[in-house]
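Structure first, then comments.
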Amino acid sequence: MVPVSYYLILSAILFSIGLGAFLVKRNIITIFMSIELMLNAVNLSFVAFAHQWHQVSGQIFVFFVMVVAAAEAAVGLAIIIAIFRTRNTLNVDQVDLMKL
Amino acid sequence: MYLVLFFIFGGLCVAGALNLLLQRHPINSALSLIVVMSSLAVLYLLLGAEFLAAAQVIVYAGAIMVLFTFVIMLLNAGKEERTHGSKAAYIVGFPGAAALFALLAFIFLQNSGHLGQVRLGEYLVTTGDLSRVLFKNLLLPFEVTSVLILIAILGAVALARKEH
């Protein structure tokens, strides 16, 4: 028997680590991965609340988040490939101009 | 027993996430993210979401992370170098994230009496339950996401294509 609040605290830990990694990391791929980590943390709290209220809608929400995350990963990685092709770097500090 | 399982896989989650933060090479970060996602799938199973556990392994730990590792290897990404901008991020980023965590943990612990307990096998959502809601009440959003996926595929191909 585990309190639901434990799951929510675990979700808060994962979200905070993802937020810290998002701000600290300089590699564009790692920044993108920390966004995925934050999405996963929120998904965990959705599933915990779905269990708490015995509602299916929370899990449906997680399903849609997964679909959108898959689409986001495909487009985002394509953008990263395009950035690397034009600038030859993955460091976000060197990608600060809209136009070359 | 249930508490032990929760702490094992919750600890794996936190360890993987911390490893993602501390590693400097993107491929190590990607592999630790796979650990986080796989142990989250086990936590979903403990919460009675069997379809989501399977989808987590297949979609997240499988498809999305393969895409990530593929791009890392394709671009031959090396170790990240420290630059001038990252010092300010260290100063602002870690206290900000810690403050957010402290706030959330305070709220959750304060209201933990109102939240219930999770017992294993008490509430199980089968794939049938999920699909009944998804294909009866939420058919339009489901079809719209299929259009979204199609547009994402076209966008990815158009963006990653070599220009002549």
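Bear in mind that the values in this text are calculations on the coordinates, not laboratory data. Model, not experiment: these values are computed from the prediction. Don't worry about glycine lacking a Cβ; one is built from the backbone with ideal geometry, like all the others, and counts go over all protein chains shown.
In whole angstrom, note down how far apart the Cα centers of the stretch B:75-129 and the stretch A:53-100 are. The distance from the Cα centre of the stretch B:75-129 to that of the stretch A:53-100 comes to 19 Å. Inter-chain Cβ neighbour count for A:93-100, averaged per residue, equals 1 (cutoff 10 Å, partner chain atoms only). Computed over Cα pairs, the Kirkwood radius of the protein assembly as shown leads via Stokes-Einstein (0.692 mPa s, 37 °C) to a diffusion coefficient of 169 µm² per second. Here the translational diffusion coefficient of the stretch A:4-94 follows from Stokes-Einstein with Rh set to the Kirkwood radius across Cα pairs; for 20 °C and 1.002 mPa s it amounts to 148 µm²/s. Close amide H partners of B:G116, meaning residues 5 or more places away or on another chain with modelled amide H under 5 Å apart, are A:V4. For the pair A:V42 and B:N137, what calculated FRET efficiency results from E = 1/(1 + (r/R0)^6), where r is the Cβ-Cβ distance and R0 = 30 Å, to the nearest 0.05? Efficiency, from the Cβ-Cβ distance: 0.85.
By other beta-carbon atoms within 10 Å, ranking A:F32, B:F94 with the fewest at the front produces B:F94, A:F32. Entry note, chain B: the mean residue ellipticity at 222 nm calculated from DSSP H runs of n ≥ 4, each adding -39500 (n - 2.57), is -24000 deg cm²/dmol after division by the residues and rounding to the nearest 500.
Helical content alone sets the calculated 222 nm signal of chain A at -28000 deg cm²/dmol, taking -39,500 (n - 2.57) per DSSP H segment of four or more residues and averaging over every residue. Short-range pairs are left out: with C-alpha atoms under 8 Å and at least six residues apart, the relative contact order of the stretch B:17-164 is 26 percent. Oblate is the label for the stretch B:17-109, because the ratio a/c of its alpha-carbon gyration tensor axes (a ≥ b ≥ c) is 1.5 or higher and a/b is not greater than b/c. Short-range pairs are left out: with C-alpha atoms under 8 Å and at least six residues apart, the relative contact order of chain A is 28 percent.
Here's the list of lysines a cross-link from A:K25 could span, going by alpha-carbon distance under 29 Å and ignoring same-chain residues fewer than 8 apart: A:K99, B:K79, B:K87, B:K162.
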